[in-house]
1. Output the relative contact order of the range 195-271, whole-number percent, from Cα pairs under 8 angstrom with separation of 6+ residues.
2. Take the Cα pairs of the chain, get the Kirkwood Rh, then feed it into Stokes-Einstein at 37 °C and 0.692 mPa s and tell me D in µm²/s.
3. With the full set of protein chains in place, find how many percent of the accessible area of the chain is carbon and sulfur; take the probe as 1.4 Å.
4. Determine the per residue accessible area of the range 1-60 with all protein chains present and a 1.4 angstrom probe, expressed in square angstrom.
5. Tell me, rounded to the nearest percent, the portion of alpha carbon pairs in the range 352-392 spaced more than 15 Å apart.
6. Note the full-extension length gain between ALA58 and LYS189 as 0.36 nm times their separation in residues minus their Cα-Cα distance, in nm to one decimal.
7. Evaluate the charge dipole of the range 45-179 about its Cα centre and quote only its size in Debye, nearest 20, assuming +1 on the Cβ of each Lys and Arg and -1 on the Cβ of each Asp and Glu.
8. With r as the distance between the Cβ atoms of PHE86 and LYS325 and R0 = 30 Å, compute the FRET efficiency 1/(1 + (r/R0)^6) and round to 0.05.
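The values are calculated or read from the model by the stated rules, or taken from the named source; none is laboratory data. In this text the structure is predicted, and so the values were computed from the model without any measurement. Note: ideal-geometry Cβ built from the backbone for every residue, glycine included; neighbour counts use all protein chains shown. Surface accessibility is based on the protein's heavy atoms, side chains included, excluding ligands, DNA and RNA. Shrake-Rupley method; radii C 1.70, N 1.55, O 1.52, S 1.80 Å.
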Amino acid sequence: MSAVRLKSILDNDFYKITMQNAVVKLFPSEKVKYSFINRGKHHFPKGFDEELRKSVNAMAEMKLTKEEKEYLRNTCPYLDLPYLDFLAGYQYDPSEVQIVQTENDLEVTVVGEWYRTILWEVPLLALISELHYVMNGIERDSDETVIRNTLEKAEELDNLGVNFAEFGTRRRHSYKVHDLVVDALTQNKSSKFTGSSNVHFAMKYGVKPIGTHAHEWFMFHAAEYGFKMANALSLEHWVDVYRGDLGVALSDTYTTEVFFQQFDKKFAKLFDGVRHDSGDPIEFAEKTIAHYEQNGINPLFKYIIFSDGLNLEKVAEITHACRGKIGISFGIGTNLTNDVGVKPMNIVMKLIAAQSVNGDWIPTVKLSDEHGKYTGDPKMIELAKEFLRIKD
């Protein structure tokens, strides 16, 4: 069996880089825990843990190259220069990752300083996904079919006249498929393809790296400062670091309803737009438009990035409902990087705890706009709902 190895330290989602920059600056001492969640109840064959361990151990050998550092410096001027020096010296520490397999079940946890461990989540998920297909001997469509399907999707999206980006690192079929897809998407220079969340492929194909922050940014703030302050302080700290750059706010960590209560006129004007990641997208768009209008802001000067389990049908439906009312863009993930004739994995890795100043571990939770996507300690979920007055 051929080993599964990552080729670049930048083979990661851009929002991990942008968040790491902010964490190094604001939270250099905090420790956190992450845990793998097997939502799809996938079965892992015997020896999977050993192969994954080999892949993880190999990541310690990766370093940021001079060319990669120069790329980040030129492409992302909002990243602090001391941070780029830090990243140039950064190495993955495999001892931060615990892997346990019990029969067909897999447990993966990551523990350590947040500024270090923040980079593990996305590559771990990508490795687990690719190894799953390799070790189960699951055959995918041919390269030619993958390229043809990708070009057909790109043409349909261009016909819709919408901007779209590739967001598919964490549940991709494999590095090879990911490479084929981004290569195909960049063939038509006049297309509406705007970039990739994957920094390595953005650099390789000369497109924009896309991303701001993830749920863990808000989840950490809730553990550190309390649920009522989480959204406002998350946004405030983001503005402190980026001063108007990277201005897309993630809205659903503690439900959109609660988010808009703190996304006041100041934030609504400072941020370029919001990202939708759970719940009904059209209902979300209507709430967002109404929120901007209530604050005296023309929604056409703002935009929504939709990124929740998109396929072409959903993109078309959202486009027809929103066009002419607010700016829209789409981040399409698994439907691009794992639509290859096999069942995509349903796996995530979440921040599950942050360590307090007295050494206690405080559980973190996420209350998205879909109850099925609630994650975290059940008692803490109930506590968050009570504090934020969230009713089922």
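1. On the way: 62 pairs, mean separation 18.7, N = 77.
RCO, the range 195-271: 24 percent.
2. 153 µm²/s
3. Values: 8040 of 16570 Å².
Carbon with sulfur: 49 percent of the solvent-accessible area.
4. Normalised by residue count, the accessible surface of the range 1-60 is 41 Å².
5. Tail fraction, whole percent: 44.
6. 43.6 nm
7. I would put it at about 220 debye.
8. On the way: r = 42 Å, r/R0 = 1.42.
Efficiency at R0 = 30 Å is approximately 0.10.
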